[in-house]
Amino acid sequence: MTDDSLTRISTGTPGLDEIVHGGFIAERSYLLRGDPGTGKTILGMNYLTAVDADETALFVNLEESEDDVRANAAAVDIDLSDVHFLDLSPDSDVFTEEQSYDIFTPSEVEQEPLTQAITDRVESLDPDRVFIDPLTRLRHLTSDEYQFRKQVIALMYYLKEQGATILFTSQHSDETSDDDLQYITDGTIELEHASYGRTITVPKFRGSSVNDGVHAMRIESGGISVSPGLSLDASSRSFDLEPLSSGVPELDELLHGGIERGTITILSGPTGVGKTTVGTQFMKEAAGRGERSVIYMFEETSATFFERSEAINIPVSRMQEQDSLTVEEVESLDRSATEFADTVRQEVEANDTSIVMIDGIDGYKLSLRDDDERMLISKLHTLCRYLKNAGVTVILVDEIDTVTGEFQATEAGISYLADNIVFLRHLETTGEMRKAIGVLKKRTSDFERTLREFRITEHGIMVDEPLNELSGVLTGSPEQASEQPATRPGDAR
């Protein structure tokens, strides 16, 4: 349960703020766990640099020297010029005397060099944010685990009394555990470096609910960026399940008026049959209604797409200029499925996007970094459900391997996702290659059960009368009952 009366301060990482519903709770302590190289120190730097104008930040460095910390920060374009340091790294004078240190109360700690240094610095600076990296370094300065826990508890209590919010890191190994620290803190943040990229989770956060699950994280210029996993509840909103016209009357007839808003449509067919063109046609019509669409291209360059679309009377360049269309090429292995889903979410929420097309599913599975295909499809399912809940119309382009032959609805095993399945086929009659379009599935309304000839001309998409004179169309080699003209009016040459 979240207490809205609690004061929040930014973690310094917007995606993490979103996961914990507004930031850290002020004057509490948080443990940052992870193996070496997972980004703990960088996340702490982001936390310290997120201070408001009237706040003060203190970095207590127990391992790397201040010079090394500042150099590492500069390497990722983090400016620590306004951050104060208390350098207790091994080369500092504070570790030259061999004795153990116990923190009990301010009056007792004043007698020991280490704790005296901390209290002097805190009392003179009065910091609002404190980052200790790594706190477990204090294990080496205490006689046993009991004394270490006493020391940590007293230090946390003292800093909170001074009005500070504390973030600290730990180092753990097979020989030493930091499990005890998780019990004495108000929250735990865990960083990992998986085969498909860096991740962040928040298994514990007192006083507030958080977005559960594994979230994507990366180190980039400026520090840490976090892409939260999708929350299906957050996207739910009411909308009218109205049919969206393609602008091609015969195609709309096949679909009993069009595809409904907030549904998922799979456009299935072999290469070169016109799947992307059909999807873009719906976006062209949406632009005429003043709505915005976005295409994520996994298998084709945007330059080729623009040239091809303009040649068949789909004015994608003008649509882009009018901000009714965005085309984004997705670089291979550039991001994980969680990062991609967060990109789509931000696009939809920031721009009130009404149609999202993913072109195509095979490219999605090959281009995004995740452990296995099953996980990728699961995350695609979550993304589609999120978009549906938000009233966004989703178009998925799925390429099947066979050009002709036995009919196959989809290649990627994703037909269960679809509210609508529209298939396109190459077919051959009397030595001539032709195309057919039909509807296999439509959950929200009736649809036409016939197949129609489908053509792409210089004037745009043409859908002809039902192919009643042909049988066996789905085999790719239909039998023709009556001879048809070899050339039809309007064909592009």
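The values are calculated or read from the model by the stated rules, or taken from the named source; none is laboratory data. From a predicted model like this one, the values you see are computed outputs, not experimental measurements. For neighbour counting, all protein chains shown are included, and Cβ atoms are generated from backbone atoms with ideal geometry for every residue, glycine included.
Among the residues of region 45-52, none qualifies, meaning not one is at pLDDT 95 or above, β-branched (Val, Ile, Thr) and surrounded by 22 or more Cβ atoms within 10 Å (Cβ to Cβ). The residues in region 236-278 that are part of a strand (DSSP E or B) and over 19 Å from ARG308 (Cα atoms) can be counted, and the count is 8. Within region 36-69, the set of residues being among the charged types (D, E, K, R) and farther than 19 Å from THR185 by Cα comprises ASP52, ASP54, GLU55, GLU63, GLU64, GLU66, ASP67, ASP68.
Under the condition of being of a type in the set (Gly, Ala, Ser) and in a loop (DSSP other than H, G, I, E, B), which residue from region 310-331 is surrounded by the fewest Cβ atoms within 10 Å (Cβ to Cβ)? The selected residue is ALA311. Every test in (1) crowded, with 21+ Cβ neighbours inside 10 Å; (2) in contact with a helix residue (DSSP H, G or I) (Cβ under 7 Å, 6 or more places away or on another chain) is passed by VAL273 save one, and that test is (2). Scanning region 332-354 for residues that are touching an Asp or Glu at 6+ places or on another chain (Cβ under 7 Å) and not in a loop (DSSP other than H, G, I, E, B) yields SER336, ALA337. Residues of region 357-383 that are surrounded by fewer than 21 Cβ atoms within 10 Å (Cβ to Cβ), over 14 Å from the mean Cα position of the chain (by Cα) and under 27 Å from GLU285 (Cα atoms): ASP362, GLY363. Taking region 5-49 on its own, how many of its residues are closer than 23 Å to GLY229 by Cα, assigned to a loop (DSSP other than H, G, I, E, B) and of a type outside the set (Ser, Thr, Tyr)? The total comes to 8. Tell me yes or no: at least one residue of region 408-431 is at pLDDT 90 or above, farther than 20 Å from PRO243 by Cβ and surrounded by fewer than 17 Cβ atoms within 10 Å (Cβ to Cβ). No, there is no match, as no residue in region 408-431 is at pLDDT 90 or above, farther than 20 Å from PRO243 by Cβ and surrounded by fewer than 17 Cβ atoms within 10 Å (Cβ to Cβ). Number of residues in region 292-328 that are touching an Asp or Glu at 6+ places or on another chain (Cβ under 8 Å) and not aromatic (Phe, Trp, Tyr) equals 15. Scanning region 53-69 for residues that are aliphatic (A, V, I, L, M), touching a Pro at 6+ places or on another chain (Cβ under 7 Å) and within 14 Å of THR165 (Cβ to Cβ) yields ALA57, LEU58. Across region 245-263, not a single residue is classified as under 30 Å from THR49 (Cβ atoms), at pLDDT 95 or above, touching a Pro at 6+ places or on another chain (Cβ under 8 Å) and among the aliphatic types (A, V, I, L, M). Here ASP35 meets each of (1) modelled with pLDDT under 95; (2) farther than 27 Å from THR338 by Cβ with one exception, condition (2).
Scanning region 242-262 for residues that are acidic (Asp, Glu) and out of contact with any strand residue (DSSP E or B) (no Cβ under 6 Å at 6 or more places or on another chain), we see that the one that is surrounded by the fewest Cβ atoms within 10 Å (Cβ to Cβ) is GLU242.
Within the option set THR199, THR185, being under 17 Å from the mean Cα position of the chain (by Cα) and β-branched (Val, Ile, Thr) holds for one residue only, THR199.
Look through PRO485, PRO489, PRO478 and report the one residue that is buried (at least 18 other Cβ atoms within 10 Å of the Cβ), modelled with pLDDT under 70 and farther than 19 Å from PHE282 by Cβ.
Working: PRO485 fails: buried (at least 18 other Cβ atoms within 10 Å of the Cβ); PRO489 fails: buried (at least 18 other Cβ atoms within 10 Å of the Cβ).
Being buried (at least 18 other Cβ atoms within 10 Å of the Cβ), modelled with pLDDT under 70 and farther than 19 Å from PHE282 by Cβ holds for just one of PRO485, PRO489, PRO478, which is PRO478.
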